[in-house]
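Please read the structure below before turning to the comments.
The values are calculated or read from the model by the stated rules, or taken from the named source; none is laboratory data. None of these values were measured; they are calculated from a predicted model. As a convention, Cβ positions derive from the backbone with ideal geometry for all residues, glycine included, and neighbour counts pool all protein chains shown. Protein only, heavy atoms only, side chains kept; ligands, DNA and RNA dropped before computing areas. Shrake-Rupley method; radii C 1.70, N 1.55, O 1.52, S 1.80 Å.
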Amino acid sequence: MTALGAMPAAAQDLSREITVDREIIPVEQDARRLPLIPQVSLPPVKAVTLEPTQRAVSLPVSATVRLLDPVERIDPQAPPHTRGYLTLGLGAPLFVSDLSAGYRIIDRDDRALRAWLQWNSTDYKQSSEYWRDRQGTLGIDGARRFASGALLEGGVAASFGRFNQPLADYWQTTARVDADLAWHARTGGLTYNVGARYGWFGYMQSPVTPFDGAKQNRVSVSGDGMFAIADASDLGLSAALDLLTSNAAAMGDTDTRGTVTLTPMWRLRAGALSMTLGPRIDMTFGGGKFFHIAPDVKMAWVPSSMFGIDVELGGGEHVNALADLALLARRQAPYLCYGMSHVPLTVNAGITVGPFRGAWARIYGGWAKANNWLMPTLWSEGGMAWTDCNVSGARAGLELGARIGSLAEVTAAYTIAQSGKSKAWIDNRDRAGHVVDARLRVTPLAGLDLTATYQLRAHRLVAVGSEMHNLGNLSLLGVRAAYALNQSVSVFVSGDNLLNRSTRMLDLAPSQGINAMIGGALKF
């Protein structure tokens, strides 16, 4: 230090080499069950800190009884040999059973292979009617990363379901297969992805003679690439082919529809501003207008880590696959298939403030217009089907959240939207005019996790012919307590619909009354 102090200030050339040792423990997401059974709950509200790559995503409203969630991940602090999980829950007042399990057969830095299964069984009674539902899914997926950095991943899952329809006095069986394969790589300044998906879904029976249950094959092939043209900008192109083949007896002969979509884009990252600009060009065959063009614009301005503004413009052709519609209304008319929907324009924008001392807030709004958009309607056999409508509408909302260290976390959101026959927010298939979603999580002791949730969907409407029918408010209060006995074993107890509110889902199945579940989880 004496020698350094003696050096002339103008001649100082100080340098130091620092070596930082850091151990990174990768956390692999356990396999989740495919969302083959609809849920009434909206996705939990999460705090949003805008990043240049963030984009707004419209989420559909799901609708049925809540079921046990699978173990979300292997705890990084669990014993090093932990590669699998098993969760079992049993419920009442009639009978509910859920099983979730998974195991990483191969678990290496450059490759992985895992198998998983999910089983859900629900039996309950409402208004002198017994409602029964069974759903089982078995899947396997894997990934291989090469020395060049390229990644190959894929998986396949098969599902079998069986449920009754008391309103039409028959049982229904469904089957589903999903498979996908994707390749991600980078060559020089070009980053690209290619992938393919195949899906099969079918209803085995139909209550209406002589119609058979509807069945569909769906094949999708897509690719995208982004090439750096400067330090802060890129040019890219996305292309996709989406084919849907249906054999619904009510529609006559086998029907094939689909789209070819091209999206050229320019991406800019300049300080606090990031944006992606481009048109979405859809070419539709099998029905409707052949050529459509819609904007594909995403912008975010984040001048600080505690403030951000995001805007998104979108639209395009929408393929109405039965497999997707069944997530919204499992007991839909089983002999009908549907054509394409066209979304000329969607606008979404939001302002996020925070987090500041653990608290954050977000104001958001949007407007969308859709042609031939599928909305629920009652059908004569005691269930529901979908009717294509021209719908447009706006929404606005506020999200709030706060975290008190590791002790507690609370989030709440309120959304108001237009609600009517032709004026409705397109993602609100039940045309809900008011939506509340709140969640409180408290961890007062090590290993003890207490959670309370509340969901409200008010002013829900469904079409009955040319008239609108009130579905009733959906109001669900739930609590859950979980305690980790050690790093490998935990137990839980939960209760749902504690207000004992009765309402109908989109497929007219009634919600359960007060119900409870007890179970445990094992990591091994």
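Which percent of the accessible heavy-atom area of the stretch 391-460 goes to carbon and sulfur, probe 1.4 angstrom? Solvent-exposed carbon and sulfur of the stretch 391-460 make up 66 percent of the total. Straightening the chain between Phe356 and Ser304 buys 17.6 nm, computed as 0.36 nm per residue apart minus the Cα-Cα spacing.
More than 20 angstrom separation, counting every C-alpha pair in the stretch 178-240; what % is that? More than 20 Å apart: 52 percent of the Cα pairs in the stretch 178-240.
Which Cα, out of Gly189, Gly225, Val208, lies furthest along the positive dipole direction of the stretch 183-248 (beta carbon charges, K/R +1, D/E -1)? Among Gly189, Gly225, Val208, the one farthest towards the positive end of the dipole of the stretch 183-248 is Val208. Normalised radius of gyration (Cα atoms, divided by 2.2 N^0.38 Å) for the stretch 276-434: 1.26.
Can you give the relative contact order of the stretch 81-135 as a percent, counting alpha carbon pairs under 8 Å and 6+ residues apart? Don't jump to the answer; show the numbers that get you there.
Numbers: 103 pairs, mean separation 15.2, N = 55.
About 28 percent, as a whole number.
Sequentially through the stretch 320-336, phi angles give Karplus couplings (6.51, -1.76, 1.60; θ = phi - 60°) of 9, 7, 4, 4, 6, 5, 5, 5, 8, 8, 4, 9, 6, 4, x, 10, 10 Hz, Gly and Pro residues having no value and appearing as x. For the stretch 338-376, the list of trypsin sites (Lys or Arg not before Pro) that fall in a loop by DSSP and count at most 15 other C-beta atoms within 10 angstrom reads Arg357.
The mean accessible area for residues of the stretch 83-214, using a 1.4 Å probe and ignoring ligands and nucleic acids, is 50 Å² per residue. Think of a 1.4 Å ball rolled over the protein heavy atoms: the stretch 263-322 then has 46 Å² of accessible area per residue. Applied to the stretch 115-120, the Karplus parametrisation 6.51 cos²θ - 1.76 cosθ + 1.60 on θ = phi - 60° returns per-residue 3J(HN,Hα) values of 10, 8, 8, 9, 10, 9 Hz, with x for Gly and Pro. Relative contact order, whole percent, for the stretch 344-404 stands at 36, derived from Cα pairs under 8 Å and 6 or more residues apart. Evaluating 6.51 cos²θ - 1.76 cosθ + 1.60 at θ = phi - 60° for every residue in the stretch 97-102, the Karplus couplings come out as 9, 10, 9, 9, 8, x Hz, glycine and proline recorded as x. Classification of the stretch 424-521 by its C-alpha gyration tensor yields a prolate form. The axis ratio a/c (a ≥ b ≥ c) is 1.5 or more, and a/b outweighs b/c.
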